[in-house]
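Before any comments, here is the structure.
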Amino acid sequence: MRLLWLQLMARNRLAGQSLIPNELLYKIVLERVMDDIHSICMPINSFKPSWKRFLAILHVSRIFRLTTLHILSTALKIRLNSRGNLPMDFILKSLDHLWRLSPIHAPSLSMLDIEIMSMELDGTLHGILYIYRSAAICTAMWRQMSTSGWANRLSKRESCWVIRRLRSMTIKAAILCDEIRPRELTTLVSEVVIMHCVTPYLKCAYWHIANTLDHYLKMEDLFDSPSSVKV
């Protein structure tokens, strides 16, 4: 019996230890978690993501779970509760929302869809989830406007409103991206800010300035297609 007890104790001690150095483990888990979130929020196809794959890393071992929860807490700016857990149901709901609002679905979304979906979970997303949400809305607004004949349908007042909204979301997303540490947490999402927030804002602002100049200076070659802007 004593021999069996000693064997069990040794096995438990080994189970509580990681064979991977802490620094390497943190890097491995960080890259996996950030890649999973990015593939959900910026999918390359319309297939619904597998939540089991996203949650699988939480069940590898105790140290993997603790490391994953710490990374998620930092990246999403959500505090751990008294039991050291995160509201995973809310996180999965947020990721599903961002998947439905992702740029790959933008061509099929109307402006009404964008407005309704942008109000969903408004004020409850923080950290990189807010950044991905801002990127999705900026891209959806720009694509909808540029493909629906912006120059013929939007007044100067409406275009100014769109520009201000794009600017506001872009600035807040950039500030959040700069605040999150370590930098490895924002490697992927920082590229998203440039491509899906800054670029639509600059295109929209350029169209507005050019169209205004055309109107007041009565230039012959009117700029009437925002989709032709190269940034």
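Things to note:
- R181 accessible area, 1.4 Å probe, all protein chains in place, Å² to nearest 10: 110
- Length released on extending from N85 to L24, taking residue separation times 0.36 nm less the Cα-Cα span: 19.7 nm
- Segment 40-62-segment 68-113 distance, computed between alpha-carbon centres (Å): 12
- For K93, the accessible surface of its heavy atoms amounts to roughly 110 Å² (probe 1.4 Å, protein chains only, rounded to the nearest 10).
The values are calculated or read from the model by the stated rules, or taken from the named source; none is laboratory data. These numbers come from a predicted model, not from an experiment. Only protein heavy atoms, including side chains, enter the accessible area calculation; ligands, DNA and RNA are left aside. Shrake-Rupley method; radii C 1.70, N 1.55, O 1.52, S 1.80 Å.
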